[in-house]
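Data first, discussion second: the structure below is written as structure tokens.
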Amino acid sequence: WGWGAEHGVNEAGVAIGNTTVYTTLDPRGASPALTGMDLVRLALERATSAIEAVAIITALLERHGQGGSGHDPALSPNGRPYWNAFLVASAGTAFVIDTSGREWAAEPVGDVRAISNRTSIPGFDATHRHPRQPVERLVDPRWRASQRVLAERPVTVAALQQHLRSHDTCGEPGWSVCMHVDGVEATTASMIVALQPGSSPLVWALTGSPCRREYRSFELGDAAAIDFSDV
């Protein structure tokens with residue numbers, strides 16, 4: 001239903017994911033414009049590094065704005081517009097971008113970082129986060145769980161897969177990392193990417209719920225030979 005993508009990686013080794021955020025600026029008043037999914041796709045089509053991807057996303061945001069909804073219209077006929085946050089990475093470099101309408105802030109990732117349905121750059125969050133967004137109840141538990149996994153050394157693919165399948169990362173039923181909120185939200189795809197200088201990205205991906213399917217691994221240079229219908 002959407003033209004863009006919630007996450008992806010390109011042949012240059014740039015990986016991007018986005019997440020819904022709500023701020024003090026009501027997204028329901030925005031004119032139709034670029035969605036977060038559109039911005040992910042456009043950056044992956046054009047960028048050869050994380051730094052370049054950040055420049056592309058923020059320039060498009062300033063020029064065209066963001067608006068509309070990435071939700072399936074069959075499931076959300078009235079739309080549920082929102083703003084976006086992005087995690088952008090290439091080998092050795094990563095950034096977080098928080099947005100609210102055409103406003104944005106970007107911050108380099110020092111060691112590890114997780115994003116999860118909230119603004120997370122301290123200054124931007126203090127100014128723009130909606131005071132009634134239930135981050136403490138629905139968002140922060142799984143955000144903190146992701147940060148704990150990433151703080152472990154070494155960070156292994158097996159540990160990340162286990163985390164993406166987890167159902168005990170939030171006290172509210174269904175609002176875990178592997179999400180199953182009947183009639184509202186569910187995990188539809190997930191991806192793990194290993195980025196090394198001078199090497200093709202290594203990808204572990206699946207569609208649907210991670211708890212019900214196995215990840216398939218591939219090197220991005222071999223993508224033409226992959227049957228993506230079974231990913």
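Mind listing whichever residues of the stretch 1-31 are among the acidic types (Asp, Glu) and without any contact (Cβ under 8 Å) to a residue 24 or more places away in the chain? If the condition is that a residue be among the acidic types (Asp, Glu) and without any contact (Cβ under 8 Å) to a residue 24 or more places away in the chain, then Asp26 is the only one that fits. Restricting attention to the stretch 1-40, the residues that are outside any loop (DSSP other than H, G, I, E, B) and surrounded by 17 or more Cβ atoms within 10 Å (Cβ to Cβ) add up to 18. Given the options Trp175, Trp143, name the one that is assigned to a helix (DSSP H, G or I) and not polar (S, T, N, Q). Just one listed residue meets the conditions, Trp143. Of the residues Ser217, Ser229, Ser190, the single one that is surrounded by fewer than 13 Cβ atoms within 10 Å (Cβ to Cβ), among the polar types (S, T, N, Q) and either at pLDDT 95 or above or assigned to a strand (DSSP E or B) (or both) is Ser217.
Check whether at least one residue in the stretch 118-133 is assigned to a strand (DSSP E or B), touching a helix residue (DSSP H, G or I) at 6+ places or on another chain (Cβ under 9 Å) and of a type in the set (D, E, K, R), and report yes or no. Yes, the stretch 118-133 contains a residue that is assigned to a strand (DSSP E or B), touching a helix residue (DSSP H, G or I) at 6+ places or on another chain (Cβ under 9 Å) and of a type in the set (D, E, K, R). Only residues that are modelled with pLDDT of 90 or more and either closer than 20 Å to Phe124 by Cβ or not assigned by TED's automatic domain parsing to the domain that holds Asp26 (or both) were counted across the stretch 64-84, and they come to 5.
Screening Glu136, Glu152, Glu185 for residues that are surrounded by fewer than 17 Cβ atoms within 10 Å (Cβ to Cβ) and touching a helix residue (DSSP H, G or I) at 6+ places or on another chain (Cβ under 7 Å) leaves exactly one candidate, Glu152.
The values are calculated or read from the model by the stated rules, or taken from the named source; none is laboratory data. Treat the numbers as computed from the prediction; the structure is a model and nothing was measured. Ideal geometry is used to build each Cβ from the backbone, glycine not excepted, and the neighbour counts take in all protein chains shown.
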